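Report on one structure; see the data block that follows.
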Amino acid sequence: MSHRELELLEALRRVGGSARSGELAKVLTVSEETVRRTIKALSKQGLVQRVHGGAYLVGPDAADSFYRRMSEHADEKQRIAAGILPHVDDGMTVFLDVGSTTAFIANELRRRANLTIVTNSIGVAQTLANHNGNHVHFLGGEIQSNERGTFGHVTEQQVQVFALDIAILSADAFSAKHGALYHSATEAQLAAVVADAAERTMVVVTCPKFDDTAPHLGPAPGAIDLILTDAPPPRKHRRSLENWGVSLEVSPAPPGSTREAGQDGKGRTAEPAD
């Protein structure tokens, strides 16, 4: 490998395994074009995975890479993001967390104006700051580089001073018994604090998360107002949501798609199994 390729690999390790091209250019004091060429070369060697706007390390050390998660189920996450717009009006105060789905949502919210954005996500803050009259408040706390965000007691204290019109939260899994679940205890705790503080709370999850599990409880199901997903969840989850009084909304697939929400590949209505 060239000296430049070794430098870029080391820079990715230092920032938690994933980064945007612009961030790497600043760290290495080179142009973004140089970074893109270097990423391309490393990708051919199987050392990094290229994604839109950046790259992440390949291998066991990068298993929880934010950019790896961004590239998974990207079409489904984009559909969910498009379904957010009817719920957010200009001038609202909105919380967004560090989830990969909420990164897609932040891009969609660039269509709104004069928002007050409260976030613990570096990426969300960068996406919405200095745009359409938005006011962005990035919460303090301990930075977790693999999540590209802040967590802990300081983060939880600071978010409680805002009158949130709506909180948009992600989750690592969604259980029919417990609701939103998280792999990180600090992320689960922050989600619970935010849900209690918000006028309205939405949880956004891609449909495969209904089959996943995680060890830490997030917000109490009764604190959640709406689940937004890309396809109907299993029947047992729908029963639980109804019992908890949580609304369910499924973002439709693009017109002409064979994977329209609630349909199988032949356009027939699909009934998810328990």
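The values are calculated or read from the model by the stated rules, or taken from the named source; none is laboratory data. Remember, it's a predicted structure, so these values are computed and weren't measured experimentally. Every residue, glycine among them, receives a Cβ derived from its backbone with ideal geometry; neighbour counts consider all protein chains shown. Side chains are part of the model used for accessible areas, which takes the heavy atoms of the whole protein and leaves out ligands, DNA and RNA. Shrake-Rupley method; radii C 1.70, N 1.55, O 1.52, S 1.80 Å.
A few comments on the model shown:
- Residue-level accessible surface for Met92, protein heavy atoms, 1.4 Å, Å²: 40
- With K and R counted +1 and D and E -1, the other residues having a Cβ less than 14 Å from that of Arg112 yield a net charge of -2.
- Using a probe of 1.4 Å on the protein chains alone, the accessible area found for Lys40 is around 100 Å².
- Residue-averaged [θ]222 nm for the chain, counting only DSSP H segments that reach four residues, each worth -39500 (n - 2.57): -10000 deg cm²/dmol
- Rounded accessible area of Arg238 (nearest 10 Å², 1.4 Å probe): 60
- Contact order relative to length of the chain, as percent, for alpha carbon pairs under 8 angstrom and 6 or more apart: 12
- Two-decimal log10 I(q)/I(0) for the range 145-244, as the Debye equation yields it once each C-alpha is a single scatterer, q = 0.13 Å⁻¹: -0.43
- Ordered from largest to smallest accessible area (heavy atoms of protein chains, 1.4 Å probe), the residues Tyr56, Tyr182 come out as Tyr56, Tyr182.
- Note on exposure: Phe151, Phe104 ranked by accessible area (1.4 Å probe, complete protein assembly) read Phe104, Phe151, with the most exposed listed first.
- Taking 0.36 nm per residue of separation and subtracting the Cα-Cα distance, full extension of the segment from Asp90 to Arg37 would add 15.1 nm.
- Label-to-label distance, nm, for residues given as Arg235 and Ala113 (7 Å Cα→Cβ offset): 4.9
- The share of accessible area on the chain that comes from carbon and sulfur is 48 percent, using a 1.4 angstrom probe.
- Simple label model, 7 Å out from Cα along Cβ direction - Leu28 to Glu10, nm: 1.3
- Straight-distance crosslink candidates among lysines, where the alpha carbon sits under 17 Å from Lys236 and sequence neighbours closer than 8 are dropped: Lys177, Lys209
- Size of charge dipole - the chain - debye, nearest 20, with Cβ of Lys, Arg +1 and Asp, Glu -1, no other charges: 780
- Kirkwood Rh in Å, taken over all unlike Cα pairs in the range 110-168: 11.9
- Computed over the range 180-222, Cα set: Rg, Dmax in Å: 10.5, 29
- For the chain, the average shadow cast by the Cα convex hull is 15.2 nm², which is a quarter of the hull's surface.
- Relative contact order computed over the range 58-215 (Cα-Cα under 8 Å; 6+ residues apart), in percent: 21
- Sites Asn130 and Gln45, calculated FRET efficiency, Cβ-Cβ separation with R0 35 Å, nearest 0.05: 0.40
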